[in-house]
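Read-outs: derived from the displayed coordinates by stated rules, not from any lab. Nothing here was measured: the structure is a model prediction, and the numbers come from that model. Here the Cβ is made from the backbone with ideal geometry for all residues, glycine too, and neighbour counts use every protein chain on show.
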Amino acid sequence: MIAKTKDIEKSNLLDIIALILGIFILFMQPLKNLINGFSLIDEGVLLLTLLIFVLITLKTGKIKKRELTIFTVFFIYICIGIIGNWKSNLNIKSESIITDIFSYAKFFIMLICGNVFFERTNNNKKNISIFAKIVRINIAIALPLAILNQFTDLGMRDDYRRGLYCFNYIYDTAAIFSWYCLMYLLILSIDFLNNKNKKNYIFIALNILLWLFTGRSRGMAFGLIYIMLFWSSKFFSKKGKKFKFKLSYILILGLIGVAVAWKQFIFYFTTRTEARFILLNTGIKICTKYFPWGAGLGTFGTFAAQKYYSPLYNFYGLNKIYGFTFDNALYLTDNFWPAVVGETGILGLIVYAILLYLAFRYMYQRLALNDTSKKIVTFFIITVLCSSVATTIFTQNATIGDIFYLCMIPGVIGVKKDE
């Protein structure tokens, strides 16, 4: 009886922690600007879930095969990067290498440790309902402001695109707010698993509309993909069939996303003065020069390379280009795959692709437990894969937040995936 009481107390404590963390994640970026201590929210969430994972692993004395496989492949990836550091002999600071390792690890730590964390909580249904209510309130406030912002400057304007003043709401930029619109959409969708509240249909539609006010192509592309995914779900249910995930769905919907954003894609990757073209071109040059290992961790395209300003930026003349200088590093982390090929070469690119495949398969096996959750997970995989072409999506704080909420799915459905 005492043991059961202790288990309940532990579960309640974890539920409270999950609630607090979930609310902090929703307002992570504006909180960082208000209070210095909140700049470590995402790192705190990751380290806390990692600590819980380690404690549980030590207590049980075992780790699941799929989780061990992902960690092993990630270790191989990091080893390739470190060999690249040794081979290139660029004298990169150890702090830069450690920072880079943590950045690359974020996605996988949150996915695996988040799953283990939420296996030990009991109030996922209640918590996701609270998060959904906060999101609905946010949308109800933000959308009228986004419309009003078109006629009078509310101090929430970013740049001007497609005849609209891009809306950034309480976030630093419209680009950042765009990622939080994706987070809102995922939370409202997960709340469907709680109850098929008609409010969610309405607010999902309003959120997609709000997303368009950010002026980002991804808002239009991903909004369209989301609608198509859930329309197909209704089609299957009307035909009395169950939705079955197929790789072709991701490919087809991914192509739709690319088609919608094709004009922007061509502009960014064929215009020689654009940041993404410069990063891609330089990444390929680095990959060729330091074949096949790459230049090593902390050397190119990552937060660590920016913070400690890698010597490669001087070598390739990026220090003379606006947005790439030491004191104005606006675009140094504006892409992901050039960083992978630049830092870890062809070998790293192959290993990272395998790592992502394992991670997505793990995600689908652990979280896609019914028709609706299959749609949600499929949608997330499509968004991160498409976004990785033009952003550092796998290391972004908002993406880590997305995975945090996605890991709640089994508990919301009422299935414990402990096997």
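Tabulated data for the structure shown
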read-out: Rounded to whole Hz, the Karplus (6.51, -1.76, 1.60) HN-Hα couplings of region 41-50, x for glycine and proline; value: 4, 5, 5, x, 4, 5, 5, 5, 5, 5
read-out: Ascending count of other beta-carbon atoms within 10 Å, so fewest first, for Lys374, Lys198; value: Lys198, Lys374
read-out: Ranked by how many other beta carbons lie within 10 Å on average, peptides 317-328, 41-52 from highest; value: 41-52, 317-328
read-out: C-alpha center-to-center spacing [region 78-148, region 152-176] in angstrom; value: 25
read-out: Net +/- balance of residues flanking Tyr290 in space, Cβ distance below 14 Å, scoring K and R +1, D and E -1; value: +2
read-out: Charge sum, other residues only, whose C-beta stays under 12 Å from Phe213's C-beta, Lys/Arg counted +1 and Asp/Glu -1; value: +3
read-out: Distance between modelled label sites at Tyr201 and Lys87, nm, 7 Å Cα→Cβ extension; value: 5.7
read-out: Amide proton proximity set for Leu369, modelled H, under 5 Å, gap of 5+; value: Lys374
read-out: Cβ crowding within 10 Å averaged over residues, with 216-229, 285-298 ranked highest first; value: 285-298, 216-229
read-out: Loop chymotrypsin sites (Phe, Trp or Tyr not before Pro), region 150-194, which have at most 13 other Cβ atoms in a 10 Å radius of their Cβ (DSSP); value: Phe151
read-out: Entries of Lys133/Lys375; Lys62/Lys106; Lys65/Lys289 with Cα pairs more than 29 Å apart; value: Lys65/Lys289
read-out: Local net charge near Ala305, Cβ-Cβ under 10 Å (Lys/Arg +1, Asp/Glu -1); value: -1
read-out: Two-site FRET efficiency, Phe315 against Thr173, from Cβ-Cβ distance with R₀ of 30 Å, rounded to 0.05; value: 0.50
